[in-house]
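The values are calculated or read from the model by the stated rules, or taken from the named source; none is laboratory data. On a predicted model such as this, the values are computed, not experimentally measured, just so you know. Methodologically, a virtual Cβ is constructed for each residue, glycine included, from the backbone with ideal geometry; neighbour enumeration extends over all protein chains shown. To get the accessible areas, we keep the full protein, side chains included, count just its heavy atoms, and leave off ligands, DNA and RNA. Shrake-Rupley method; radii C 1.70, N 1.55, O 1.52, S 1.80 Å.
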Amino acid sequence: MTVPPSAAPQHTQSDPEDVLKQVGAAWYWALGLALATLIPGILVLVWPDETLHILAVIIGLQLLVAGVFRFVGAFSHSGDGGRLAGVLIAVLAFLAGVLVLRHPMQTIGALTLIVGVFWLLTGVLTAFTAIGDHSLPHRGLRFGLGALGAVAGVVVLCFPVDSAVALTRLLGLWLVLLGVFELVMAFALRSATRRIS
């Protein structure tokens, strides 16, 4: 007995781009990014006297995890410009994370330079995306996050610190500020999603 084609179970193939777009646009993905930024910031502030090696490992891992979140989040942008900016941010996060983890005993100056340049470029690209992609929800908050990231990069680059403890406090403070702002963004996105549903 043969089964007619219409009665056979249908297996739909999900396009990876569609899956990444759906996951990247979800509010819980934004929440994951916020926690991936906030938790390392708190850890760094709780243990400011730890060695530069521990700081570098925490910052490097945070950058790698943020790179994954940013890569998937890039697919949630509808315009090519926003998507390209998101992928650039992800690549910068991966690159910065690998550089920090490759030589965790590097000098304070090298760690400051890598993190400062990453935050500055990420902030500028996030602000650019917020201005250019009219389909993004909460563009003002995204622009504010970009501006805060750019300011964090400038502060880290322009005000060099002489000790590992001072660098730890500075990076921890900025990670917490960025994490809190990303947390606000996640809950704003959740609120917007619930209004649409």
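Annotations for the structure displayed:
- Of all residues in region 25-58, exactly one satisfies the criterion of being in contact with a helix residue (DSSP H, G or I) (Cβ under 6 Å, 6 or more places away or on another chain), at pLDDT 90 or above and of a type in the set (Val, Ile, Thr), namely Thr37.
- Residue among Val184, Val155, Val165 that alone is without any contact (Cβ under 8 Å) to a residue 40 or more places away in the chain and assigned to a helix (DSSP H, G or I): Val155
- Restricting region 37-82 to residues that are small (Gly, Ala, Ser) and under 18 Å from Ala188 (Cβ atoms), the residue that is surrounded by the most Cβ atoms within 10 Å (Cβ to Cβ): Gly73
- Residue list for region 118-139, restricted to those being open to solvent by 60 Å² or more (accessible area, probe 1.4 Å) and farther than 21 Å from Ala26 by Cβ: Leu121, Val124, Phe128, Ile131
- Residue match in region 142-150 (condition: of a type in the set (Lys, Arg) and either more than 19 Å from Phe118 (Cα to Cα) or modelled with pLDDT under 85 (or both)): no
- Test result for Thr122, of a type in the set (S, T, N, Q) and at pLDDT below 90: no
- Selection within region 83-115 - surrounded by 16 or more Cβ atoms within 10 Å (Cβ to Cβ), part of a helix (DSSP H, G or I) and of a type outside the set (A, V, I, L, M): Arg83, Gly86, Phe94, Gly97, Thr112
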